[in-house]
Structures are given as C-alpha cells and as structure tokens.
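Student: One structure is given below, represented as structure tokens, and several questions about it will come after.
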Amino acid sequence: MVKRVRVHLVAVQTELRPEPYLAAQAFQRYVLELCQEAVRGLPQNEPRILAFPEAFALPLLFWLDTPPTVRQAPTSLQAALGLLRMNGLAALRLGVYSPALVYHLRARTIWRVYQESFQQAAQASGAYVVAGSLFSPLIDYEPSQHLHTLGKAVYNLSLVVSPQGSVLGRVPKVHLTPHERRAFLSSGPTGRQTLRTRLGTLANLICLDAFHDDLIEQADAAGAWLVVQPSANAARWEGPWTADARQVEGQVWLREGLARKLQGREHLRYGLNPMLNGPLYELYFEGRSGVYQPGGPLALAERPVGDAFVRATVEIPLPRLD
C-alpha cells in the first residue's frame, strides 16, 4: 500500500498599502505576521506550503526608505526617475547604461530585505514558502563579493524557501506581459521553474507562465505534483477581458487557468494561485486567489479585493527521498 501524507496549501491574498514597505523592519514584521496567520490552527506535524502573490515585494523598490516625492509620484516611471535623480553618482558607478539601471541601483538593498524576511518567516511558520516576486537582476552571494548581481538583465524573480529557511530556488518569469516589457524586464530562461523538495517536485510558474502549455508540459514531465502560480493581474475581475472585451476577465481566468491546465496530466494534481490586489502607481490589480484541482477550485477567495487566506488540505503519495 502506498503511504500518503496530508499537505496544507495556503494562497496568501494581499491588498497593497504603503505602510509595510516603508522600512525593512516593517516589511519583515508584515511577512512574518502573514505567514503565522496563514498556518494558524494547522496541525504542527503536517507539512504546509504557502504562496504569496506576484509583485508582492515590488513596492520595496519604490517605497523602502524613499521620500514622499517618490512614493507619491503619479506613475512608476516618474518614481523611477526620482530614484535616479536622488542617486545619480551611485548609478554612474554601476556601469549599467540602460533603462534597467534603477533596478540595479536598488538591487542589493531590496534583495537582502526580501530574502531575509522570507527566510525568517518560513522558519517561524515551518512552511515551504513561495515568496511572490519582485523585479531584480539575478543576485548571488559569495564571501569575497558579498551580494552581487549576475549580468545586467532584469527579471521578474520569485524566491522559494524551505521550512529550514534555505533558499531552494530563484525562479524567473519566462512569458512577459506588455506592462513588464515596457518596464524593461527580460524574459527568463526555462529550467529553473521546477524544484525537488522533501514533499516531491513543485513548479513555480509566475502568473502568465502558467497559462502557457510549454511550461505546464515541462512541469508535468519533470514530475511536479503542484503548480504554484503567483499572480498580479492588472485588470478588474468583473471587467472586460484584456484580450477580448466581450468576455469577463474573472470568468476567463477561472475557465482557462489552473483548473483546465491540470486536466489529463501525468503528475500534476493541484494548483495554488495567490493574487495581488490594489493600486501601484498607474496599475490596479484584482483577483480571487484559489487552490485548484483538475476541473475546478478546491477553495476560492470570496472577493477579488482585500486580504484573504485561501486554504485546502490535500493528500499526496509519500515522496521517495532517494
């Protein structure tokens, strides 16, 4: 008889507000509180996987230790120009001569706050955590160089952290939206989207990536049983679909998303889709977070706005560790 294990899946839906992003300690406390609330009441000896929305850490780029003129700029482009004007000499020393300069200017400071906050929260909550994403060049650590960037390209990057607080992967988004291309992001390489863990193989497909068959097929072929889809959808949930105004955005999301992509797969069984909502400069996000199985949701947030913890408990075969 195949032994099975219960796993608790939690999609952390968050609404953007400035206060948690103004200082490193505030962000660290915010992430910790969200993770602790996400696992509240769950059995201590049963594994859990938490997932945060796409772009969850992006406001750190603009709001962490910055003046009101940057935080209150009418557009993200004007906010970025404000950051460059404040740090002109430091920007020149980086040797990055492209519109992506602002990401490099802030990368080391932002990455340290982002990574350390989620490492501590994962340990405290005893959970695997998919830490949403931010816009950043790839960051590495080596004792003689400390935190340093790898190349000049900037990606929509997500962290995956173990219950022991170790980073299991830095996952780049592959398929970019028009907004992301206008923000001077680069498409990430494939091959980083699946990760082997003590709970088996997981796939982290950031938002649009999980709508593309190529990455779903790769995740399935790699033996992943779970697709995590951190999302930030810049459209009204009950409004017209961005690709066809005759259809409703949320209805298309539920019909064409994970519930459909999981059907008929060899290994994929469940999906976890946390969604960001609220305003970020000229963008406004909405979405109902969910936990999915083939054909439909196991659990779905009641509303496409506001904070929510969407939970479901599933059983999977006990993974082999060899």
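Student: What's the number of the condition A219 fails, among (1) farther than 29 Å from E15 by Cα; (2) surrounded by fewer than 22 Cβ atoms within 10 Å (Cβ to Cβ)?
Tutor: Looking at each condition in turn, A219 falls short on (2).
Student: Given the conditions (1) in contact with a Leu (Cβ under 8 Å, 6 or more places away or on another chain); (2) closer than 17 Å to P297 by Cβ; (3) among the basic types (K, R), report the number of the one that R198 does not fulfil.
Tutor: Status for R198: all satisfied but (2).
Student: Inspect the stretch 9-22 for any residue being out of contact with any Gly (no Cβ under 7 Å at 6 or more places or on another chain), surrounded by 15 or more Cβ atoms within 10 Å (Cβ to Cβ) and under 24 Å from L81 (Cβ atoms) and give the result as yes or no.
Tutor: Yes; the residues of the stretch 9-22 include at least one that is out of contact with any Gly (no Cβ under 7 Å at 6 or more places or on another chain), surrounded by 15 or more Cβ atoms within 10 Å (Cβ to Cβ) and under 24 Å from L81 (Cβ atoms).
Student: Sticking with this one: Could you grab me the full set of residues in the stretch 278-306 that are among the hydrophobic types (A, V, I, L, M, F, W, C) and assigned to a strand (DSSP E or B)? Show your work before the answer.
Tutor: Of all residues in the stretch 278-306, those among the hydrophobic types (A, V, I, L, M, F, W, C) come to 280, 283, 285, 291, 298-301, 305.
Answer for the stretch 278-306, where residues must be among the hydrophobic types (A, V, I, L, M, F, W, C) and assigned to a strand (DSSP E or B): L280, L283, F285, V291, L298, A299, L300.
Student: Still on this structure, I have one more. I'm checking my understanding of the structure. Among residues of the stretch 35-85 that are buried (at least 20 other Cβ atoms within 10 Å of the Cβ) and out of contact with any Leu (no Cβ under 8 Å at 6 or more places or on another chain), which one is modelled with the lowest pLDDT?
Tutor: Filtering the stretch 35-85 for residues that are buried (at least 20 other Cβ atoms within 10 Å of the Cβ) and out of contact with any Leu (no Cβ under 8 Å at 6 or more places or on another chain), the one modelled with the lowest pLDDT comes out as A80.
Student: Another question, then. Please tell me if K173 is touching a strand residue (DSSP E or B) at 6+ places or on another chain (Cβ under 7 Å) and either modelled with pLDDT of 95 or more or farther than 23 Å from A235 by Cβ (or both).
Tutor: Yes, satisfied.
Student: Give me the residue from the stretch 307-322 that is in a strand (DSSP E or B) and touching a Ser or Thr at 6+ places or on another chain (Cβ under 8 Å) and, out of that set, nearest to Q44 (Cα to Cα).
Tutor: Restricting attention to the stretch 307-322, the residues satisfying the condition of being in a strand (DSSP E or B) are 308-317.
Checking the rest, the ones that are also touching a Ser or Thr at 6+ places or on another chain (Cβ under 8 Å) come to 308, 310.
On the way: A308: 21, V310: 19 Å.
This residue is V310.
Student: Something else now. Answer yes or no: is there a residue in the stretch 230-248 that is hydroxyl-bearing (S, T, Y), in contact with a Gly (Cβ under 8 Å, 6 or more places away or on another chain), free of Cβ contacts under 8 Å to residues at least 60 places away in the same chain and closer than 22 Å to G132 by Cα.
Tutor: Within the stretch 230-248, none of the residues are hydroxyl-bearing (S, T, Y), in contact with a Gly (Cβ under 8 Å, 6 or more places away or on another chain), free of Cβ contacts under 8 Å to residues at least 60 places away in the same chain and closer than 22 Å to G132 by Cα.
Student: May I pose another question? Say we look at the stretch 196-216 and pick out the residues that are within 23 Å of V5 (Cβ to Cβ) and charged (D, E, K, R); which of these is surrounded by the fewest Cβ atoms within 10 Å (Cβ to Cβ)? Break it down stepwise before answering.
Tutor: Step one: filter the stretch 196-216 for residues within 23 Å of V5 (Cβ to Cβ), giving 196-204.
Applying the additional criterion that residues be charged (D, E, K, R) yields 196, 198.
Numbers: R196: 15, R198: 11.
Once the filter is applied, the top-ranked residue is R198.
Student: Going by the conditions given, is W241 touching a Pro at 6+ places or on another chain (Cβ under 6 Å) and hydrophobic (A, V, I, L, M, F, W, C)?
Tutor: Spelling it out, it is not the case that W241 is touching a Pro at 6+ places or on another chain (Cβ under 6 Å) and hydrophobic (A, V, I, L, M, F, W, C).
Student: Go through the stretch 239-282 residue by residue and tally those that are more than 23 Å from A312 (Cβ to Cβ) and surrounded by fewer than 19 Cβ atoms within 10 Å (Cβ to Cβ).
Tutor: Here the count works out to 15.
Student: Looking only at the stretch 37-60, filter to residues that are among the aliphatic types (A, V, I, L, M) and within 15 Å of the chain's Cα centre (by Cα); which one of those is farthest from R311 (Cα to Cα)?
Tutor: Looking at residues that are among the aliphatic types (A, V, I, L, M) and within 15 Å of the chain's Cα centre (by Cα), I get L60.
Student: Also: What residue, among those in the stretch 222-238 that are closer than 19 Å to E266 by Cβ and among the aliphatic types (A, V, I, L, M), is surrounded by the most Cβ atoms within 10 Å (Cβ to Cβ)?
Tutor: My answer is V228.
Student: Is at least one residue of the stretch 32-39 among the polar types (S, T, N, Q), closer than 16 Å to Y128 by Cβ and out of contact with any strand residue (DSSP E or B) (no Cβ under 8 Å at 6 or more places or on another chain)?
Tutor: yes
Student: If a residue counts only when it is aromatic (F, W, Y), over 18 Å from L64 (Cα atoms) and at pLDDT 90 or above, which strands (runs of 3 or more DSSP E) contained entirely in the stretch 105-151 have at least 1 such residues?
Tutor: On the way: elements: 128-131, 134-136, 139-142, 146-149.
Because the criterion is at least 1 residues that are aromatic (F, W, Y), over 18 Å from L64 (Cα atoms) and at pLDDT 90 or above, the strands (runs of 3 or more DSSP E) in the stretch 105-151 that meet it are 128-131.
Student: Which residues, counting only those in the stretch 9-66, are of a type in the set (S, T, N, Q) and closer than 12 Å to S125 by Cβ?
Tutor: Q36, Q44
Student: If I filter the stretch 224-245 down to residues being of a type outside the set (A, V, I, L, M) and outside any loop (DSSP other than H, G, I, E, B), which single residue comes out as modelled with the highest pLDDT?
Tutor: Restricting to residues being of a type outside the set (A, V, I, L, M) and outside any loop (DSSP other than H, G, I, E, B), the top hit is S231.
The values are calculated or read from the model by the stated rules, or taken from the named source; none is laboratory data. In this text, all values refer to a predicted model and were calculated from it rather than measured experimentally. All Cβ positions, even for glycine, are placed from backbone atoms using ideal geometry, and neighbour counts span all protein chains on display.
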